[in-house]
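Encoded as structure tokens, the structure appears first; notes follow it.
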Amino acid sequence: MNILIDEKEAIFIKKKIDSARETYKPESIKLLFIAEAPPEEIKRFFYYEEVKDNDWLYLAIVKALCENESYNIAKIRANKKKILQKLQQDGIYLMDLCPIPLKWGIIAELHKDDFMQRLENEKAIDKSITNIILIKTNVYDCLYRELKDKQYMVQDKRIPFPSSGQQKRFADMMKKALKAIEYIPNEGVKEIKELVY
């Protein structure tokens, strides 16, 4: 399969994404979300501090962690830098199966081996304490069995991406996944609640 990639653009975007993600990486990751890829409209990236719309994953994760259906979207967006800092404080982190957007016709699953290598090399991850939740069904189908075989504490939940009418199902499945790992909000998330309600 021939994939037309603007290599310079891809490298530039990856550097920006990696820099933003690294800013909020915990020293010790307690809860790891793994999604498919950064959004094609890269300005909506989870770890960018100024996102004004269509940040479905960020909103849905904050809502799930705060365990409340009633939340103020404007406040969640306005306080994003503080919220990302609080997630970092609590050891909560997001990685993507594919490190760059899928805009060039890239197939995320083709990055499985590279992703597993990144995961194995990540010093902030400890198999004995890091719980993993997979987001999007194709990510689950691609990674779950191998993660399980390698003794990672990965949740057996096929959680859809929270857009295109899947927000309610995402919330329900994420609630089950968090319950399964006996998730209890720590100080960072407790402070997030005060910021957004």
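Conditions (1) outside any helix (DSSP H, G or I); (2) among the aliphatic types (A, V, I, L, M); (3) surrounded by fewer than 15 Cβ atoms within 10 Å (Cβ to Cβ), marked per residue:
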position: Asp113; (1), (2), (3): no, no, yes
position: Gln117; (1), (2), (3): no, no, yes
position: Lys123; (1), (2), (3): yes, no, yes
position: Ile129; (1), (2), (3): yes, yes, yes
position: Ile133; (1), (2), (3): yes, yes, no
position: Tyr140; (1), (2), (3): no, no, no
position: Lys157; (1), (2), (3): yes, no, no
position: Ser164; (1), (2), (3): yes, no, yes
position: Ile184; (1), (2), (3): yes, yes, yes
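Residues that are free of Cβ contacts under 8 Å to residues at least 40 places away in the same chain and among the basic types (Lys, Arg): find the helices (runs of 4 or more DSSP H) completely inside segment 1-106 holding 3 or more of those.
The qualifying helices (runs of 4 or more DSSP H) are 7-23.
For the subset of segment 71-124 comprising residues that are under 22 Å from Lys52 (Cα atoms) and polar (S, T, N, Q), which member is modelled with the lowest pLDDT?
So, considering only residues that are under 22 Å from Lys52 (Cα atoms) and polar (S, T, N, Q), the one modelled with the lowest pLDDT is Asn72.
Residues checked against (1) of a type outside the set (D, E, K, R); (2) farther than 16 Å from Leu32 by Cα; (3) touching a Phe, Trp or Tyr at 6+ places or on another chain (Cβ under 7 Å):
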site	(1), (2), (3)
Asp126	no, no, no
Ile132	yes, no, yes
Lys175	no, no, no
Ala180	yes, no, no
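Testing Leu147 on (1) among the aliphatic types (A, V, I, L, M); (2) surrounded by 20 or more Cβ atoms within 10 Å (Cβ to Cβ); (3) touching a residue at least 40 places away in the same chain (Cβ under 8 Å), one condition comes back false. Which one is that?
(3)
Residues being touching a strand residue (DSSP E or B) at 6+ places or on another chain (Cβ under 8 Å) and surrounded by fewer than 20 Cβ atoms within 10 Å (Cβ to Cβ): count how many of those fall in segment 95-107.
From segment 95-107, those touching a strand residue (DSSP E or B) at 6+ places or on another chain (Cβ under 8 Å) are 95-97; that's our starting set.
From the residues that got through so far, the ones that are surrounded by fewer than 20 Cβ atoms within 10 Å (Cβ to Cβ) too are 95.
So the count comes out to 1.
How many residues are exposed (fewer than 12 other Cβ atoms within 10 Å of the Cβ) and of a type in the set (Val, Ile, Thr) when one looks only at segment 12-24?
0
What about Ile83, is it under 19 Å from Glu191 (Cα atoms), crowded, with 17+ Cβ neighbours inside 10 Å and not charged (D, E, K, R)?
yes
How many of the residues making up segment 179-197 are closer than 21 Å to Ile73 by Cβ and aliphatic (A, V, I, L, M)? Walk me through it before giving the result.
Residues of segment 179-197 closer than 21 Å to Ile73 by Cβ: 185, 188-197.
Restricting the remaining residues to those that are aliphatic (A, V, I, L, M) gives 189, 192, 195-196.
Total meeting the criteria: 4.
Does Ala35 qualify as being under 19 Å from Tyr140 (Cβ atoms) and of a type outside the set (Asp, Glu)?
Taking the combined requirement at face value, the residue satisfies it.
The values are calculated or read from the model by the stated rules, or taken from the named source; none is laboratory data. Quick caveat: nothing in here was measured; it's all calculated off a predicted structure. For neighbour counting, all protein chains shown are included, and Cβ atoms are generated from backbone atoms with ideal geometry for every residue, glycine included.
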